[in-house]
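Shown next, in structure tokens, is the structure this report addresses.
What follows is calculated from the coordinates using simple rules that are stated; it is not laboratory data. For clarity, every value in this text was computed on a predicted model and none was experimentally measured. Cβ: placed from backbone, ideal geometry, glycine included. Neighbour counts: every protein chain shown.
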Amino acid sequence: MKADSLMCATPDTHAMVEKARVTCRFKAGQVIFYSGNDSLGIFTIQTGLVKLEVTSATGAAHTLRLVGPGGTLGYRSLFAGEPYHASAVAVEDCELCFIPKADVMNIFKTHPDLAMKLLSHISKDLRMAEEKWMGQMDKDASERIAEALLFLQEHFSHQNWTRREIAQWAGTTPETVIRTLANFEKEGIIDQSNGRGIRILSREKLRDKAELN
């Protein structure tokens, strides 16, 4: 368990987590939990990357959030007493720590100071979700794709993102992503010659495309 994770704020809680936790491993593409399922506990990511995604009424998948090592999954549904709103899918091979609901509740009951840490965690997640929604609301597809490239490269540069994954993050279709990337390449903004990888040649021009300047 990473020392900077939500559940390991103090040595006491770390010891309780170590006693209760179960290690789970998922291959890239495997579903960790499905939207609509009841929350049975909290997952903390040790290694790898996980995406939270929802499916629209038309069947299109949209990525809400990407969570890396030290991040926590499932806490909102657990404490709200609601089913999972989104599905969690491993983007790459992952190792997660699962803490059952009863143990989570016991930890928070005996260490109420963790409530403030949880509140801070939830508030940051809400701010990021609001910023993403507001940022996409008034932008066309090419602007959203440019912004997605910048965000994904800045925060998850080790990952080669598929065109479908970029589309899910940008709220558009893979076909639109392919066409837009081809245009960006013609303009000398990116390079796609290395297979699935996308290399940004001009961050400034890409920021212009994303209307961030």
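Of note:
- Anisotropy class of the range 21-104 from Cα gyration tensor, a/c 1.5 cut: oblate
- The simple Förster model, with R0 at 25 Å and r as the Cβ-Cβ distance, assigns V54 and A102 a FRET efficiency of 0.35.
- Zone of H155's modelled label, taken as backbone nitrogen in the range 46-68 under 12 Å from a point 7 Å along Cα→Cβ: 50-52, 63-68
- Entries of K117/K139; K27/K101; K117/K209 with Cα pairs more than 26 Å apart: K117/K139; K117/K209
- Within the chain: Cβ-based charge dipole about Cα centre, in debye rounded to nearest 20 (Lys, Arg +1; Asp, Glu -1): 280
- Each listed q (0.15, 0.16, 0.24 Å⁻¹) maps to a log10 I(q)/I(0) for the range 135-191, found by the Debye formula over equal Cα scatterers with no solvent: -0.38, -0.43, -0.99.
- Computed over the chain, the P(r) tail beyond 25 angstrom holds 43 percent of alpha carbon pairs.
- Computed lengthening from L126 to V22, 0.36 nm per intervening residue step minus Cα-Cα distance: 34.7 nm
- Each of the peptides 159-171, 26-38 was scored by the mean count of other Cβ atoms within 10 Å over its residues; in descending order, highest first, they stand as 159-171, 26-38.
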